[in-house]
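This report refers to the structure that appears directly beneath it.
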Amino acid sequence: EAQVTQNPRYLITVTGKKLTVTCSQNMNHEYMSWYRQDPGLGLRQIYYSMNVEVTDKGDVPEGYKVSRKEKRNFPLILESPSPNQTSLYFCASSRDRVATEAFFGQGTRLTVV
Amino acid sequence: TQLLEQSPQFLSIQEGENLTVYCNSSSVFSSLQWYRQEPGEGPVLLVTVVTGGEVKKLKRLTFQFGDARKDSSLHITAAQPGDTGLYLCAGGNNDMRFGAGTRLTVKP
């Protein structure tokens, strides 16, 4: 079954404690991205990756890092989380950057206290 | 930045009613997608439109891409409780931008 798997689904952490949200896809997609979803703001892109070892900033990259060492995995790293990073996070993969279907993970609800 | 505005933001209707939601922008898009997101899940693609004036139907859902490729609409006929969800449009040129969505509730 084609899928994007994110872990964990829920996470509560404290300010400043480094965390990683994992994302893995089994469709051999080249393009992967991370979004955050906040009420009234929709999905905003954090980072994206066109292929292995190729990553770039999206619209809201501050406070986040990513890596793409393998095609299937695209972890999101928060080196020093802050309360304004409390949000619902989605990982997505697609064959291309535009006009092809994006497959989304089930989301990670992060709370930073 | 390509800004996509969706309206209405919230819509609550009775089962059997018809509805239309809109996605508007000042930018021209090479393609536009509609997704539906249910609580606790990620968005799932409903349709992609690429040609100005294009109309696509998916059972009771009708999608239209504006002639100028700046706007789109989603019409649902005889809405059912299973249609409840957040409807997101996403427009793309070099990358995809999402609107904030229309949250639809269909009451039995």
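Observations on the structure shown:
- Checked against the criteria, A:D59 counts as more than 19 Å from A:H29 (Cα to Cα) and modelled with pLDDT under 95.
- Matching residues in the range A:71-113 - criterion: being among the charged types (D, E, K, R) and either without any contact (Cβ under 8 Å) to a residue 12 or more places away in the chain or away from chain B (no Cβ under 14 Å) (or both): A:K71, A:R72, A:E79, A:E101
- Qualifying residues in the range A:30-44 (those that are out of contact with any Leu (no Cβ under 6 Å at 6 or more places or on another chain), facing chain B (nearest Cβ under 9 Å) and crowded, with 20+ Cβ neighbours inside 10 Å) - the one farthest from B:Q37 (Cα to Cα): A:S33
- Scanning the range A:54-66 for residues that are crowded, with 16+ Cβ neighbours inside 10 Å, away from chain B (no Cβ under 14 Å) and not in a strand (DSSP E or B) returns a single hit, A:Y64.
- Consider the range B:42-55 and keep the residues that are within 14 Å of chain A (Cβ to nearest Cβ) and over 16 Å from A:E101 (Cα atoms). The one that is surrounded by the most Cβ atoms within 10 Å (Cβ to Cβ) is B:E54.
- Scope the range A:67-110; condition surrounded by 17 or more Cβ atoms within 10 Å (Cβ to Cβ) and more than 20 Å from A:H29 (Cα to Cα); matching residues: A:L78, A:P81, A:Q85, A:S87, A:T108, A:L110
- Filtered by the rule that a residue be closer than 29 Å to B:G92 by Cβ and assigned to a strand (DSSP E or B), the range B:9-32 gives B:F10, B:L11, B:L19, B:T20, B:V21, B:Y22, B:C23, B:N24, B:S31, B:L32.
- With respect to the conditions (1) at the interface with chain A (Cβ under 10 Å from one of its Cβ atoms); (2) in a loop (DSSP other than H, G, I, E, B), B:C89 falls short on a single one, namely (2).
- Residue within the range B:57-67 that is out of contact with any helix residue (DSSP H, G or I) (no Cβ under 7 Å at 6 or more places or on another chain), touching a residue at least 40 places away in the same chain (Cβ under 8 Å) and in a loop (DSSP other than H, G, I, E, B) present: no
- Just one of the listed residues (A:T86, A:T13) is among the polar types (S, T, N, Q) and either at pLDDT below 95 or closer than 17 Å to B:G40 by Cα (or both), and it is A:T86.
- Near pairs, Cβ below 6 angstrom, 6+ apart or cross-chain, from the range B:1-30 (away from every other protein chain (no Cβ under 11 Å)) to any residue that is of a type in the set (D, E, K, R) and not in a strand (DSSP E or B): B:S25/B:K70; B:V28/B:R69; B:V28/B:K70
The values are calculated or read from the model by the stated rules, or taken from the named source; none is laboratory data. Keep in mind it's a predicted model, so treat the numbers as computed, not measured. We place every Cβ from the backbone using ideal geometry, glycine too, and count neighbours over all the protein chains shown.
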